[in-house]
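The values are calculated or read from the model by the stated rules, or taken from the named source; none is laboratory data. Keep in mind that this is a model prediction, so the values were computed, not measured. Note that each Cβ is placed from the backbone with ideal geometry, even for glycine, and that neighbours are counted across all protein chains shown. Quick note on the areas: whole protein, heavy atoms, side chains included, nothing else; ligands and nucleic acids left out. Shrake-Rupley method; radii C 1.70, N 1.55, O 1.52, S 1.80 Å.
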Protein chains: 2
Amino acid sequence: MISKTMQQQIAGSSAIRAMFLEGKEMAAKLGAENVYDFSLGNPMTPIPEEFNQAMLDLIQTESSLELHGYMDNAGYPETRKIIADNLNKRFGTDFEGKHITMTVGAAGALNIVFKAILDPEDEVLALAPYFGEYRGYTSNHQGILKEVAPDTATFQPDLKDFENKITAKTKAVIINNPVNPTGVIYSEETIEKMASIMRKKQEEYGHEIYMVSDEPYRELVYDGNKVPFLTKYYDNTFVTYSFSKSLSIPGERIGYVAVSPSIADCEQVCSALSVANRIMGFVNAPSLMQKAVARAIDATTDVAYYDRNRQLIYNKLVELGFTCSKPQGAFYLFIKSPDADEKKFVEAAKKYHILLVGGTTFSCPGYVRLAYCVSYEMIERSLPAFEKLAAEYDLA
Amino acid sequence: MISKTMQQQIAGSSAIRAMFLEGKEMAAKLGAENVYDFSLGNPMTPIPEEFNQAMLDLIQTESSLELHGYMDNAGYPETRKIIADNLNKRFGTDFEGKHITMTVGAAGALNIVFKAILDPEDEVLALAPYFGEYRGYTSNHQGILKEVAPDTATFQPDLKDFENKITAKTKAVIINNPVNPTGVIYSEETIEKMASIMRKKQEEYGHEIYMVSDEPYRELVYDGNKVPFLTKYYDNTFVTYSFSKSLSIPGERIGYVAVSPSIADCEQVCSALSVANRIMGFVNAPSLMQKAVARAIDATTDVAYYDRNRQLIYNKLVELGFTCSKPQGAFYLFIKSPDADEKKFVEAAKKYHILLVGGTTFSCPGYVRLAYCVSYEMIERSLPAFEKLAAEYDLA
């Protein structure tokens, strides 16, 4: 018999898996070109050529025992230094290699951060709508996830509710910027206000309250928007990152944690991350990928590819009468469900072979998420289906 | 402030880290060729050429979005099938692809198994001497590790104590075969007796007691010895594996769990492993490596390399009067400390620039572990140092 917690977690997972299977079955029955699957956040832009070349060069020229061998649990010192220098150049920060821990993606990064800081029953605040995986990442370490209610007018955090939800048990706040699922960027003003509230609460309760920033979409921003770099606004900050989206390599599981040099007990915190990497069974981030991302550190993805998709689908949906705010970053669009029960809207969309994810997954019912990291041609083909869906709801 | 558990875990880790640093400092002071570091289990044999070629071919010919993209959390179906078929061919088992979950090394594999099966306060039995990391892997999931006392006459498990230690709270038994740190292989007779005791106890307590086998050294065996394949002896079995040692790629973190097709609730157990992979933040095993190990599934490492080392160091130590049983597998030698306090012996060895790990790490004080996965030449150079160490203890 599997554990009781896992039985619940399987039950919770089955809705998403059911949609995967339904999409596959639809494609088999109708032909893949007649199914419009907007359910997955899977990067679509080509892998930068310098990254491919970096892998080939490494395999052909490096000592293979070094290239594929063990290193410090925190990663190769050269890679950590290159990442620190790159962040400093781009954001005016003052990281050294020792502040960077290489991780098995951002999911691995968040888990070692929580392993390092959470005592049982500690509370972690998430700002709805948020990526549902944060629930498991928190409960893995016996933490308790608490939600800040969404402000559906702007999808910036509801700062009043945020302040009220911070208690003596609050150990961390997760910030995902740009936000999955809304595509909103929390502005510098928002971040400054949050930091100010958190500093006040730290003083009131006499212990650290950490900002834990999850930034896999950091480079995917449009219209010249800027994503504030959080260590510049608040000392007790962890920035977690993944190369999944910027290099289109989500299967390779390569990312890092950057610890603010001004964090309390910095040396102990960095040691804790390294030990957590080992104890949780990650041991270290995959070694070839550590060296390859370092060599291709200036490689960037083709943001224009996603931007073109964004314009096409956003403009069409607004024209059809759907309500959604224009995404500033990431590759998601958050649409207000024309049906009070968004599950019914998700089902209605399926009739026209459109696959969307209900907002309940993100603790924001009444909305659906559309992932536009798909081919431009698929979006074009899907537009008549959206027209029929809009007609069904008399949106025009 | 980091969590209280992590503060203890850092304190526990610092002894090993201190030895790493001491080794590096010694090498800097005395020259690397004058330090005999036998402390690390880092593979030394060359990476098989077909594995290198597999990586190059994949990068040069496969669709890069597929090669580095997301797949099912359990891994690519083709890789899982190839591994199942390979196990069936070698061991006469009847695995299908669905019984295989690709993991971030064996450490990741053990962690998702424990995540899947452990409820809080469940007990996991480990057979001393055992790999100390099992303590963290168990406590990560709120399990409690209990030890079976070592039988230092043979280093086969003490079956009397084993039977006594199984309680109504026992959920799993970890078996590491061949054993780190002794190099012993648990014989077929031992495994049959353990299985029989466990079946009796399952009936007595009315719930499953799982065998969890940790087999990164499965192929590293000498003198024609055989390692029993555990699913053939006991139904409720998980076999965890890593390609770290067989392909010399420990930094790449690629392994798997094979679930016995006869395990209770097989389908639910396999689902749980997939969900655990996702929730713990592994998400999936690194994608390029999944495809590369499948292509090079018949590649083997040069066991003769380690065997040559084994003969040299074992024969010399016995000749010098040290007490140790001849290893049958893996690349470790477990030596009886001539000093009742093995820590003093570890310190004495350091005077001659020999680095060994104390048996307390493996819950077996009074012994030290020597890892002979080093160059033959280093062993040759170290022999005069062992002579001096033996002389200090009047062993001759």
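By the gyration tensor of its Cα atoms, with a ≥ b ≥ c the square roots of the eigenvalues, what is the shape of segment A:231-296: rounded for a/c under 1.5, prolate for a/b over b/c, or oblate?
oblate
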- Based on Cβ point charges of +1 for Lys and Arg and -1 for Asp and Glu, what charge dipole magnitude is obtained for the protein assembly as shown about its Cα centre, in debye rounded to the nearest 20? 560
- Query: Once amide H atoms are placed 1.01 Å from N in the peptide plane, what residues at a sequence separation of 5 or more from A:Leu355, or on another chain, have their amide H within under 5 Å of its amide H?
  - Reply: A:Tyr36, A:Asp37, A:Phe38
- Message: How far, in nm to one decimal, is A:Ala11 from itself in the other copies if the label point is set 7 angstrom along Cα toward Cβ? Shortest first, please.
- Response: 4.0
- Message: Using the Karplus curve 6.51 cos²θ - 1.76 cosθ + 1.60 with θ = phi - 60°, what ³J(HN,Hα) values do you get for each residue of segment B:208-223, in whole Hz, with x for Gly and Pro?
- Response: 5, 10, 8, 8, 10, 9, 10, 10, x, 9, 3, 7, 8, 10, 10, 6
- Task: List, in the order given, every pair from A:Lys146/A:Lys245; A:Lys201/A:Lys226; A:Lys24/A:Lys343; A:Lys171/B:Lys4; B:Lys165/B:Lys343; B:Lys171/B:Lys193 whose Cα-Cα distance in the structure shown is over 22 Å.
- Result: A:Lys146/A:Lys245; A:Lys201/A:Lys226; B:Lys165/B:Lys343
- Note on the structure: To the nearest 20 debye, segment A:248-384 has a Cα-centred charge dipole, built from +1 on Lys and Arg Cβ and -1 on Asp and Glu Cβ, of 280
- Interface buried area B-A, accessible surface with 1.4 Å probe, both sides summed, nearest 100 Å², comes to 5900
- Query: At B:Glu163, label 7 Å along Cα→Cβ: distances to the other copies, nm, ascending?
  - Reply: 6.9
- Query: At a 1.4 Å probe radius, carbon and sulfur cover how many percent of the accessible area of the protein assembly as shown?
  - Reply: 51
- For segment A:85-97, Karplus-derived ³J(HN,Hα) couplings (6.51, -1.76, 1.60; θ = phi - 60°; whole Hz; x for glycine and proline) come out as 4, 5, 5, 4, 5, 7, 10, x, 8, 10, 6, 10, x
- Taking amide hydrogens as modeled 1.01 Å from N in the peptide plane, which residues meet the under 5 Å criterion relative to A:Tyr70, leaving out close sequence neighbours? B:Gly251
- Query: Which net charge results when you count Lys and Arg as +1 and Asp and Glu as -1 among the other residues whose beta-carbon is under 10 Å from that of A:Leu127?
  - Reply: -3
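How big is segment A:176-222 by the Kirkwood estimate over distinct Cα pairs, in Å?
Hydrodynamic radius (Kirkwood, Cα only) of segment A:176-222 equals 12.0 Å.
Rounded, prolate or oblate: which fits segment B:161-295, taking a ≥ b ≥ c as square roots of the Cα gyration tensor eigenvalues, rounded meaning a/c under 1.5, else prolate when a/b beats b/c?
Since a/c reaches 1.5 but b/c is at least a/b, the shape of segment B:161-295 is classed as oblate.
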- Query: What residues qualify as long-range amide H neighbours of A:Tyr234, i.e. H under 5 Å apart, gap of 5 or more or another chain, H built at 1.01 Å from N?
  - Reply: none
- Query: Computed FRET efficiency, Cβ-Cβ of B:Leu159 and B:Gln60, R0 60 Å: what is it to the nearest 0.05?
  - Reply: 0.65
- Can you run phi through the Karplus equation (6.51, -1.76, 1.60; θ = phi - 60°) for segment A:354-359 and list ³J(HN,Hα) in whole Hz, with x for Gly and Pro? 9, 9, 10, 10, x, x
- Query: Which shape class applies to the protein assembly as shown: rounded if a/c is under 1.5, otherwise prolate when a/b exceeds b/c and oblate if not, where a ≥ b ≥ c are the square roots of the Cα gyration tensor eigenvalues?
  - Reply: prolate
- Do any GluC sites (Glu not before Pro) in segment B:49-123 lie in a loop, going by DSSP, with at most 16 other beta-carbon atoms within 10 Å of their beta carbon, and if so which? B:Glu62, B:Glu96, B:Glu121
- Grab the DSSP H runs of chain B that are 4 residues or longer, score each as -39,500 (n - 2.57), total them, divide by all residues and round the 222 nm result to the nearest 500 deg cm²/dmol. -13500 deg cm²/dmol
- Where a Cα-Cα gap under 20 Å defines reach, which aspartates and glutamates qualify for B:Lys351, not counting those fewer than 8 residues away within the same chain? B:Glu22, B:Glu25, B:Glu33, B:Asp37, B:Asp339, B:Asp341, B:Glu342, B:Glu380, B:Glu387, B:Glu392, B:Asp394
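What is the sum of charges around B:Gly183, taking Lys and Arg as +1, Asp and Glu as -1, for the other residues whose C-beta is under 10 Å from the C-beta of B:Gly183?
Here the charged neighbours net out to +3.
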- Can you give the % of DSSP beta bridges in the protein assembly as shown that are antiparallel, to the nearest 5? 45
- Note on the structure: One residue of chain A has its C-beta nearest the axis rotating A onto B; that residue and its distance in whole Å are A:Pro286, 2
- Treating only Lys and Arg (+1) and Asp and Glu (-1) as charged, each at its beta carbon, one finds that segment B:1-153 has a dipole about its Cα centre, in Debye to the nearest 20, of 380
- Query: Inter-copy label distances at B:Ala304, 7 Å along the Cα→beta-carbon direction, one decimal in nm, shortest first?
  - Reply: 5.8
- Give me the accessible area per residue for segment A:262-396, probe 1.4 Å, as a whole number in Å². 36
- Task: Rank B:Pro120, B:Thr138, B:Ile83 by how far each Cα sits towards the positive end of the charge dipole of segment B:74-195 (+1 on Lys, Arg Cβ; -1 on Asp, Glu Cβ) and give me just the farthest.
- Result: B:Ile83
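Pairs of alpha-carbon atoms within less than 8 angstrom and 6+ residues apart define the contacts here; what relative contact order does segment A:1-156 have, in percent?
It rounds to 12 percent for segment A:1-156.
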- Message: Greater than 21 Å separation of Cα atoms is the criterion. Which listed pairs, B:Lys336/B:Lys388; A:Lys89/A:Lys326; A:Lys350/B:Lys81, meet it?
- Response: A:Lys89/A:Lys326; A:Lys350/B:Lys81
